[in-house]
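The values are calculated or read from the model by the stated rules, or taken from the named source; none is laboratory data. None of these values were measured; they are calculated from a predicted model. Cβ sites come from the backbone with ideal geometry, for glycine too, and all protein chains shown count toward neighbours.
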């Protein structure tokens, strides 16, 4: 189902919102569709397909990723400091 909103110009015109939801009978069907859809463009655009997540789940994943990146940067800075001390 593509998400649409009515256009102000005319009652029969609709504007695409750029996202949609699909429900599959099985996990296997969903995985197969995800792989197939990512291989070819849809209306000239590539699709980003992901499993549904609540806002809280997305936020937790983003915070975890940010923590990982910050830790990697910290480790790199420490390595540079050690190298500088060796000089």
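The figures follow:
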| item | result |
| --- | --- |
| The range 18-37 residues that are within 18 Å of residue 48 (Cβ to Cβ), paired with ones that are modelled with pLDDT of 85 or more and part of a helix (DSSP H, G or I) (beta carbon under 7 Å, 6 or more apart) | 24/30; 24/33 |
| Filtered residues of the range 16-70 (kept if under 15 Å from the mean Cα position of the chain (by Cα), loosely packed, with under 10 Cβ neighbours inside 10 Å and in a loop (DSSP other than H, G, I, E, B)) | 21, 48, 50, 51, 52, 54 |
